[in-house]
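Everything below concerns the one structure shown next.
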Amino acid sequence: MLREALTLIGAGQVTGVDDLATRLGLSSSLAGQLVDDLVRLGYLQGASTCTSTCRSCPLSDGCAGMSQVFALTERGRRAVTSP
Amino acid sequence: MVELKAPARPRKAASRPLTCCDTTLRQFGLPEGGNAVTVALVGQPNVGKSTVFNLLTGLHQHVGNWPGKTIEQKVGLCQEEGVPLVLVDLPGTYSLTAGSEEERVTRDFIIQQQPDVVVLVADASNLERNLYLLSELVLLPPPIVLALNMVDVAEQNGIAVDAEALSRALGLSVVAMVAAKNVGVRDLLDVVEQIACDQEVYSPARPELRPDHRQVLDTLLQVIEGHVPPPYQPYWVGVKLLEGDREVTELARGWLPAERWEKVHNILFRHEDAILDIAGGRYEWVAAVLEGAQIQHGLGQVTLTERLDRWTTHPIWGLGILGAAAALMFFLVYAVGAPLQGLMEDYLVTAPAAWVTEALQGAPGWVVSLLTDGIIGGAGTMLTFIPILAIFFAALGFFEDTGYMARAAFVMDRFMHLIGLHGRSFLPLFLGFGCNVPAVMGARIVDAPRARLLSILLAPLVPCTARLGVLATLAAAFFGPQAFVVTLTLIVVNLVVLALLGVLLHRVVLRGEQVAFIMELPLYHRPNLQSIGLFVWHHLKAFIVRAATIIVGASLVVWALSNLPTGDIGTSYLAAFGRALEPVGRLAGLNWELMVALLASFVAKENSLAVMGVLFGAGQSGLGLTDLLPTLITPASALGFLAMQMLFIPCVATVAAIKKETGSWAWTLLDLGLLLVVSFAGGIIAYQVGLLLGWG
């Protein structure tokens, strides 16, 4: 399931934790923990939250600085491509 | 729908030796070597674990810290008929990965102390995440009982849990309960006792490994065979090695001969991504168990929690509601608590001091001063805070027990993260406006250790009523109509410094803690008065013990410094210290008298005014202190003094609380050092600003 999550995140196919939860058939809470696990294990890294780029984003009021963007680390990319 | 009440079974005699240690037995007055069942309570935060613990143990509890940790340890006795149960309330944790102190304490206790039974208290309305913790617990030897708590809340939210089906799917006992209403607790006791006393084979369903990883694990187990010392289990060690668990890896490196470790290292290197499948397997196991337990979610149902959360977690209304809740709490604290504090001051400080003075009329002055100023003035004053603390902790307990605390933390989280704190730090820090001691102690409600430490270190920068009192008195004397602007500016500067220091400590000293990605918002539920009562009692007891020990000691030391060797503060060691610091004080416009007044505020902030009165001879001059001071000190010096006073190290009671709560002299001294630097810098800047404004 963690590989599946990594693949979905790496391919940019999920828009958030709720979306990831729906695709994996988990609750949002458990999907959040799954993402935490992937970060802790070094497969995902949190990009800096709402930096200056966000100032021009029309949706920035909605996220109010609370959003967090995640990206695959090198280890994450290797895990997705390995069998 | 679950059946909540089952007929109580007759208690059994133990058919196997039970394992409670003699130290614990002695703690509760039980005979050494006697039989007692050790029960570990495990669970996530906010699942009602403490409610279950309080219900079962009542006042038969011992609260302390885990050895070498700052995490609270609660042990209690449940003795009705049959075998006594010694309950250990383990810290709330989401998993057993040893990533946090709470996880390490829980994991180490279960492995090393091997309790007779582990009770996993789970929130029936959020079962998935609770089952993830179970997926790790079932790999350890002690038998587990799943206490399915809050089934009523789950049902209200359209979630029906089939406890029997869940029990079959898990292969272990499941007890449905509503701890807040004392429903199902009797059944839990019976099941625990039955499992502890019987010798039934315990074989729960465990997460499966993928076949290829199973082979790898088998190879690994062959290599480590015979080298894993008890109480560790080779299978668990093997799985943790494959997971890349740092703690277990370090242990294994120490256990294994070099050539075997080399083999292990090679296996782990080739399968470094095995963790993805092992942890992934746990998530799949959870999904499969839930499918077997026929959990039904009410679709499209707008629950009470959702309706309330639309307001309480709203970016604007949520702040308003939090403001109202905090205002109500502080209204109660000060409208009800403050008059009670005044009353206690009369009975615990003024009356005893007068009685001692009267009774010791012929005794040397220093003896009377030691008793009245040192002991009664120090510890007695601290005890007068009890009403304020009782109301504060009752309010916190109420917020915690109803589920509102998590919402309060949620709406403040984004602001508090800016200075490296979590939302939960808001309420204790806010209380610091009243007194810094409860602010430091209140930081216990912050779960994350680093955020808790940061809250403690920053609490002294919240201006307490005593500091505000000194500020108000002196600002009015020096700045007349401009006093309000000066006062407000100094308070704002104080809070800005708090934020900046928070950022600094967060980025430099306390960096590295992962910010929580998802904040758990438990469902609202009716508070349990017994739980709130015990919450208040335990915190007050800790405070009273502290006041009677460390605070008395600290008060005596400061009393001695301000009285020895002559009994006159003007010629005391404290005054000598003040004179030695005068060259530094001059940079902020402070003469030695002001330096001594500043140092004397270490006893209590109000002492500054009293000491100024003595040193400037307010009584002899015939003028009041507020009339006399403007004739002796320039407004620029006064501004420097006030800025230093606001940012200066806190009173001795707060320092004692910081030491106790951090459990570390290093952190306490670092905090004091930082505050000294900040206060002197602030004083110098304020004095220079005063000179620029022509207040010299």
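Only the coordinates and a few stated rules stand behind these numbers; no lab work does. Owing to the predicted nature of the structure, the values given are computational and were not obtained by experimental measurement. With ideal geometry, Cβ positions are generated from the backbone for all residues, glycine too; neighbour counts draw on all protein chains shown.
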- B:Leu529-B:Thr489 pseudo-label distance in nm [points 7 Å out on the Cα-to-Cβ vector]: 5.3 nm
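Note down the net charge around B:Leu85, summing +1 for each Lys or Arg and -1 for each Asp or Glu among other residues with Cβ under 10 Å from its Cβ.
-3
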- Note on the structure: Row for the stretch B:211-297, column shape: gyration tensor on C-alpha, a ≥ b ≥ c, rounded if a/c < 1.5 i.e. under 1.5, prolate if a/b over b/c, else oblate; value prolate
- Message: Contact order normalised by length for the stretch B:211-297, with contacts defined as Cα pairs under 8 Å and 6 or more residues apart; what percent is it?
- Response: 29 percent
- Item | Dipole of the stretch B:102-175, positive end: most advanced residue of B:Leu170, B:Asn157, B:Asn130 [Cβ charges, Cα centre] | B:Leu170
- Under 5 Å between amide H atoms, partner at least 5 residues away or on a different chain: which partners does B:Gln73 have, H built in plane at 1.01 Å? B:Gly64, B:Asn65, B:Trp66
- Message: Between the stretch B:165-224 and the stretch B:633-696, how far is it from one alpha carbon centroid to the other, in angstrom?
- Response: 56 Å
- Task: Work out the FRET efficiency for B:Ala560 and B:Tyr347 from their Cβ-Cβ distance, taking R0 = 25 Å, and round it to the nearest 0.05.
- Result: 0.40
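So if we plug the beta-carbon distance of B:Ser369 and B:Glu247 into 1/(1 + (r/R0)^6) with R0 = 45 Å, what FRET efficiency do we get, rounded to 0.05?
Values: r = 54 Å, r/R0 = 1.20.
Once rounded, the FRET efficiency stands at 0.25.
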- Task: Could I have the simple spin-label model distance between B:Val584 and B:Leu540, label points 7 Å from Cα toward Cβ, reported in nm to one decimal?
- Result: 4.1 nm
- Item | Gain in span if fully extended, B:Glu259 to B:Ala160, counting 0.36 nm per residue against the direct Cα distance | 30.2 nm
- Want the number for B:Arg307 to B:Ala576: 0.36 nm per residue separation, take away the alpha-carbon distance, what's left? 90.4 nm
- Query: So, counting K/R as plus one and D/E as minus one, what does the shell of residues with Cβ under 9 Å around B:Trp285 add up to?
  - Reply: 0
- Query: Put a dot 7 Å past each Cα toward the Cβ at A:Ala11 and B:Asp568; how far apart are the dots in nm?
  - Reply: 8.8 nm
